[in-house]
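Worksheet for the structure shown next.
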Amino acid sequence: MLYTGGYVVVRCISDNPGMWSLHCHIDLHNTNGMGMVIDEGDTKPTTPIGFLVCHNFEFKGSV
């Protein structure tokens with residue numbers, strides 16, 4: 001059991017690079033933050049041309 005504001009330390013062998021999704025199979029749990037992505041590896045893919053990233057677009061209207 002992980003209590004609100006708590007944390008977990010995980011130690012594992014990381015020998016298969018990629019994006020790994022760790023999640024619960026109960027959708028409400030994922031909505032409440034019980035899911036995460038581990039980005040394992042030394043290299044990062046480049047951002048596609050024209051892809052919206054932080055600070056290169058502005059919101060119009062209410063969000």
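Given the criteria out of contact with any Pro (no Cβ under 6 Å at 6 or more places or on another chain), at pLDDT 85 or above and not in a strand (DSSP E or B), does ILE13 qualify? No, not satisfied.
Taking the residues in the range 6-51 that are hydroxyl-bearing (Ser, Thr, Tyr) and in contact with a Gly (Cβ under 9 Å, 6 or more places away or on another chain) as candidates, determine which candidate is surrounded by the most Cβ atoms within 10 Å (Cβ to Cβ).
Filtering the range 6-51 for residues that are hydroxyl-bearing (Ser, Thr, Tyr) and in contact with a Gly (Cβ under 9 Å, 6 or more places away or on another chain), the one surrounded by the most Cβ atoms within 10 Å (Cβ to Cβ) comes out as SER14.
Applying a threshold of 6 Å to beta carbon distances and a minimum spacing of six or more residues, or different chains, the list of pairs starting in the range 12-29 at a residue that is within 24 Å of THR43 (Cα to Cα) and ending at one that is part of a loop (DSSP other than H, G, I, E, B) and at pLDDT 80 or above reads PRO17/GLY41.
So which of ASP39, ASP27 is over 14 Å from the mean Cα position of the chain (by Cα) and of a type outside the set (A, V, I, L, M)? Break it down into steps so the answer makes sense when it comes.
On the way: ASP39 fails: over 14 Å from the mean Cα position of the chain (by Cα).
Answer to the selection: ASP27.
Exactly one residue among GLY61, GLY35 is of a type in the set (Gly, Ala, Ser) and touching a Cys at 6+ places or on another chain (Cβ under 7 Å), and that residue is GLY35. Among the residues of the range 16-63, those that are at pLDDT below 80 and at positive phi comprise HIS55, GLY61.
The values are calculated or read from the model by the stated rules, or taken from the named source; none is laboratory data. These figures come from a predicted structure and were not determined experimentally. Here Cβ is always computed from backbone atoms with ideal geometry, including for glycine, and neighbour counts include all displayed protein chains.
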